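The values are calculated or read from the model by the stated rules, or taken from the named source; none is laboratory data. It should be emphasised that the depicted structure is a prediction, and the values quoted were computed from it without experimental measurement. Note: ideal-geometry Cβ built from the backbone for every residue, glycine included; neighbour counts use all protein chains shown. When the accessible area is computed, the model is the full protein with side chains, heavy atoms only, and any ligands, DNA or RNA have been set aside. Shrake-Rupley method; radii C 1.70, N 1.55, O 1.52, S 1.80 Å.
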Amino acid sequence: MKVLGEKIQQARKMHRLSQSALAAGICTQATISKIENKNRCESLDVFSSICSKLELSVFECLEESYEQETERILTVVEKLREQLRAYEAHEILEEYNFKEDKLSYFTKTKFLYYKGSTSLLGKSDFEGAIAYLKQVVRMKNKTNIYHILSMNAIGVSYELQGKYREAAKYNEKAYQMLNDFLMMSYQL
C-alpha cells in the first residue's frame, strides 16, 4: 500500500528513534527504510504497529487516492458554499486538476454540480454554469441527488436571466426527478 513515508520519518525523528529502534519488535530496519524512502509498506499489521509506536493514526499516514483528494476538496467547497462564499469555492475548483476518468460516477456528478453552481453563484457566469450542470443532467447511469440539484440550478440560472419559460421547464423536471427519486427510495 502507498503510505506517507515522510510523515513517518518526521514522527520517528520527533520521537528521537533510529530506524532500527522503530523497527524493534515489529519488522526489519529495511522495512522502515522502504516506508520512509519509497512510500510503500506491504503489511497493514506492520504499518499499524509502526504508527501506534509513533502515536499516529494509520489513516493520517496513508496516501490519499485521487478520489479521496477530490472528495476532500469538495467538502471544503461545500462548506464555503454554506457560508455564502461561492466565489472562493469557485476559485478552488478552477485551480483543481479535474481528471474525470479517475473518479467514480457519484464523485464526478458531485464535482460537476459544484463547478456549475459555483460558476452561477460565485461568478454569475450563466453560460458556464449551464454547461457544467447540463453535463450532470446528461449523465444517465443512475440518478442521484446531484442530478436533481443540477436540474434545479439550471432552472434558477434561467430565472436569473429572465428566461422564465426555460426556468419553469427545468424546475418542473427537477420536481419530477425529486418525486421519482423519493418514490424509489421508499420502495427500497
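Any chance you could count how many residues in region 33-88 are of a type in the set (Gly, Ala, Ser) and over 24 Å from the mean Cα position of the chain (by Cα)?
So the count comes out to 5.
Regarding Tyr132, is this residue without any contact (Cβ under 8 Å) to a residue 40 or more places away in the chain, crowded, with 22+ Cβ neighbours inside 10 Å and of a type outside the set (Val, Ile, Thr)?
Yes, satisfied.
How many residues, within region 21-51, are out of contact with any strand residue (DSSP E or B) (no Cβ under 8 Å at 6 or more places or on another chain), surrounded by 13 or more Cβ atoms within 10 Å (Cβ to Cβ) and in a helix (DSSP H, G or I)?
The qualifying residues number 13.
Would it be correct to say that Asn179 is surrounded by fewer than 20 Cβ atoms within 10 Å (Cβ to Cβ) and outside any helix (DSSP H, G or I)?
The answer is no for Asn179.
Conditions: (1) part of a loop (DSSP other than H, G, I, E, B); (2) open to solvent by less than 60 Å² (accessible area, probe 1.4 Å); (3) touching a residue at least 24 places away in the same chain (Cβ under 8 Å). Ser157 meets all but one. Number of the miss?
(1)
So is Gly116 more than 18 Å from the chain's Cα centre (by Cα) and open to solvent by less than 60 Å² (accessible area, probe 1.4 Å) or not?
no
Assess whether Glu95 counts as being open to solvent by 50 Å² or more (accessible area, probe 1.4 Å) and within 26 Å of the chain's Cα centre (by Cα).
yes
Give the residue that is least open to solvent (accessible area, probe 1.4 Å), with candidates limited to residues of region 52-67 that are touching a residue at least 40 places away in the same chain (Cβ under 8 Å), within 30 Å of Thr109 (Cα to Cα) and outside any helix (DSSP H, G or I).
Restricting to residues being touching a residue at least 40 places away in the same chain (Cβ under 8 Å), within 30 Å of Thr109 (Cα to Cα) and outside any helix (DSSP H, G or I), the top hit is Leu62.
Can you pull out every residue in region 1-20 that is touching a Leu at 6+ places or on another chain (Cβ under 9 Å) and open to solvent by 40 Å² or more (accessible area, probe 1.4 Å)?
Residues satisfying the conditions are Met1, Lys2, Leu4, Lys7, Met14, His15, Leu17.
Restricting the search to region 78-95, which residues are of a type outside the set (D, E, K, R) and either in contact with a Lys or Arg (Cβ under 9 Å, 6 or more places away or on another chain) or more than 15 Å from Lys110 (Cβ to Cβ) (or both)?
If the condition is that a residue be of a type outside the set (D, E, K, R) and either in contact with a Lys or Arg (Cβ under 9 Å, 6 or more places away or on another chain) or more than 15 Å from Lys110 (Cβ to Cβ) (or both), then Gln83, Leu84, Ala86, Tyr87, Ala89, His90, Leu93 are the ones that fit.
Any chance you could count how many residues in region 68-91 are more than 12 Å from Lys115 (Cβ to Cβ) and either open to solvent by less than 30 Å² (accessible area, probe 1.4 Å) or in contact with a His (Cβ under 6 Å, 6 or more places away or on another chain) (or both)?
Number of matching residues: 1.
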